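Note sheet for the following structure.
The values are calculated or read from the model by the stated rules, or taken from the named source; none is laboratory data. Bear in mind the structure is a predicted one, so any value in this text is a computation, not a measurement. Reconstructed Cβ throughout: ideal geometry from the backbone, glycine too, with neighbour counts over all protein chains shown.
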Amino acid sequence: MVEDLEELSFEDCQHCFDFAHVCQVGRNCQNKDVFHWEKTIHIIRPNCPDGIQCKKLIHEDHLNSYTHSNIRDIRLLCIDGNIKVKSL
């Protein structure tokens, strides 16, 4: 994720102006940049009712349904996505 548009190539910067993208932190977004709020989609999920005491942090269905203060709403893809993970 690039913090500053000046770090992008012209083509990538133009892409950001032309298309909206999903903010990975959603409800917990702290970015105050006007461009970010104009061009980024913020999915507002309900806060987890268990808050910091949540015990379901390894359950994808739960993470996709609720916002947690210490976890991105849109998580990064696993770099070992093609490998079957046995048990966590």
Quickly run through the range 1-11 and pick out the residues that are modelled with pLDDT of 85 or more and among the charged types (D, E, K, R). GLU11
Consider only pairs whose beta carbons are under 7 Å apart and that are at least six residues apart or on different chains; among these, list those whose first residue lies in the range 4-18 and is assigned to a loop (DSSP other than H, G, I, E, B) and whose second residue is at pLDDT below 85 and hydroxyl-bearing (Ser, Thr, Tyr). none
Starting from residues that are at pLDDT below 90 and of a type in the set (S, T, N, Q), keep the ones in the range 41-71 and report whichever is surrounded by the fewest Cβ atoms within 10 Å (Cβ to Cβ). ASN70
Could you check, for the range 18-25, whether at least one of its residues is aromatic (Phe, Trp, Tyr), at pLDDT 90 or above and out of contact with any strand residue (DSSP E or B) (no Cβ under 6 Å at 6 or more places or on another chain)? no
Residue check, ASN31 against (1) surrounded by fewer than 14 Cβ atoms within 10 Å (Cβ to Cβ); (2) at pLDDT 90 or above; (3) not in a loop (DSSP other than H, G, I, E, B), all met but one. Which one? (3)
